[in-house]
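Engineer: Take this structure first; my questions come after.
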Amino acid sequence: MPSGCYLQNAVPARADATGQIIDEPTPPTFDETIEDVRDRIAPTIVAQTALVGLDRPASAIQQLIDRDRRRREGAVRPGGYRTGSYEPYFESEFEQRRLILFNSIIHSLGSFVTTAYTRGSAAREIHIRIGDHYVIAMLDHPSTEFRPGQEIMPRKGKADRLRLVLGSDWRSTDYVWEDSPAGPLEKQIADIGLCIAVRGELSRRRHEHFLYERQVEKIEREKVAKDAAEREAILAREQALAAERITIEREAQEAC
């Protein structure tokens, strides 16, 4: 994100050489609302949005293309026969469309993207880093079922319906885009890219608040511990004084 989105962070509590808190932490503040951020960056993303083919692959997509090339080369074994275990993953029209959409989304974000990488051999999801925080986008046929620990294999055949979900829950109904009579996903790239950028900023703000809350909790725990230690010290002094008085009284009685 440009510096306008990464604004004032939470100010941490300062401590002296003994670890005593000098200043209380202050909550994070932001000069722009999320709506302001969205309105400001929307024209940039719209201007950068286009359907970008695989002749201009982003780094994450280039890695998938290179892997497919190595599989293609490894598919031809000595003697000229082919083995299915080395078949390329992304040659079907369906998979080519997926890669082009992922590629176009990355390009639409332009300089807002710090880096991006796909997950799994078949790249069913992509992790896009906005500033210091990743936003996950899952893209596949709507009928696909994602199960923990199960590797989704590439889909063969012609280009078919696609569904894109932001986040790691494929069943989510928030931040979802699908091919529809109103238009295919290719017509929704700008909106998807804008939502990814805004979610990255939201993640950063939530993280700033999380750090602030942890600091407040830590200071509160330290205060409770300090108060408890002081009470124990006072009680110990009172007990010592009481014992001293008893000793003095006993010695006085014995002297008489």
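Engineer: Connecting C-alpha atoms closer than 10 Å in a GNM of the chain, tell me which of Glu201, Glu24, Glu238 has the biggest fluctuation.
Structural biologist: Glu238
Engineer: Restricting to Cα atoms and excluding each atom paired with itself, what does the Kirkwood estimate give for segment 37-76 in Å?
Structural biologist: By the Kirkwood definition, the hydrodynamic radius is 12.6 Å.
Engineer: Which of the lysines could a cross-linker span from Lys218 if the Cα-Cα distance has to be under 18 Å and same-chain partners fewer than 8 positions apart are dropped?
Structural biologist: Lys226
Engineer: Follow-up. Bin by bin, in steps of 5 Å, what percent of the Cα pairs in segment 116-256 do you find, going until the bin that has the longest distance?
Structural biologist: The percentages, shortest bin first, are 2, 8, 11, 13, 11, 8, 6, 4, 4, 4, 4, 4, 3, 3, 3, 3, 3, 2, 2, 1, 1, 0, 0.
Engineer: Still on this structure: Run down the lysines and flag those whose C-alpha is under 25 Å from the C-alpha of Lys156, throwing out any fewer than 8 positions away in its chain.
Structural biologist: Correct list for Lys156: Lys187.
Engineer: Could you please state, rounded to a whole Å, how far the C-alpha centre of segment 165-198 is from the C-alpha centre of segment 123-144?
Structural biologist: 11 Å
Engineer: Along its principal axes, what span do the Cα atoms of the chain show, with the longest given first and each in whole Å?
Structural biologist: 116, 51, 33
Engineer: Could you list which residues have their amide H under 5 Å from that of Ile130, counting only those 5 or more apart in sequence or on another chain, with H placed in the peptide plane?
Structural biologist: Thr114, Val135
Engineer: Between the DSSP loop rule and a limit of at most 14 other Cβ atoms within 10 Å, which trypsin sites (Lys or Arg not before Pro) in segment 111-196 are left?
Structural biologist: Lys156, Lys158, Arg161, Arg171
Taken together, the values in this text are just the output of simple stated rules run on the coordinates, not laboratory data. All values derive from a computational prediction rather than experimental measurement. All Cβ positions, glycine included, derive from the backbone under ideal geometry; neighbour counts span all protein chains shown.
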